[in-house]
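What follows is calculated from the coordinates using simple rules that are stated; it is not laboratory data. Here the structure is a predicted model, which means the values were calculated and not measured. Because the Cβ atoms are built from the backbone with ideal geometry, glycine has one as well, and the counts that use them run over all protein chains shown.
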Amino acid sequence: MTFVTRLTLQSGDRAALDGIVDDIKATAEKKGAALKGPHSHPPDRHRVPQHRRLHADDDRTFPAWEYTVFTRELEIHGYDDFARDVASRAFPSSVHVEAEIEQIHMQ
């Protein structure tokens with residue numbers, strides 16, 4: 001039985017995101033862990049309207065708030081201890097991390 005841990009990291013701060021990913025890659029190389037990725041996704045651009053007042057009859061607005069979210073995916077095949085250590089790290093508040101674990105039966 002092998003476990004595949006898929007980490008999805010998202011941030012609006014590209015430099016912080018790339019620094020975290022580079023650190024995970026360097027640690028995986030030192031420990032000899034099987035790591036696939038990082039897989040980069042196209043950046044998501046978001047636009048949020050900002051109203052000047054809460055009244056429904058007031059159509060005045062500020063310029064829309066625009067921001068970009070960058071996403072990287074990593075896969076760790078096996079190496080459960082390494083995957084657990086990476087997933088339990090204290091990441092900066094500017095980086096959102098999701099861990100998905102899949103169990104694969106080898107035949």
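On C-alpha positions alone, give me the angle between the axis of helix 14-31 and the longest principal axis of the chain, in degrees, nearest 10. Once rounded, the angle reads 10 degrees. With helices as the sole contributors, the chain gives -7500 deg cm²/dmol at 222 nm; each DSSP H run of n ≥ 4 counts as -39500 (n - 2.57), and the sum is divided by every residue.
Other residues within the sphere of radius under 12 Å centred on the Cβ of residue 101, judged by their own Cβ, net out at -3 (K and R +1, D and E -1). For region 2-104, the relative contact order works out to 50 percent when only alpha carbon pairs closer than 8 Å and six or more residues apart are counted. Other residues within the sphere of radius under 11 Å centred on the Cβ of residue 75, judged by their own Cβ, net out at -1 (K and R +1, D and E -1). Overall, the chain carries a charge dipole of about 200 debye about its Cα centre when +1 sits on the Cβ of Lys and Arg and -1 on the Cβ of Asp and Glu, all other atoms neutral. Summarising the overall dimensions of the chain from its C-alpha atoms, the Rg and Dmax are 18.9, 65 angstrom.
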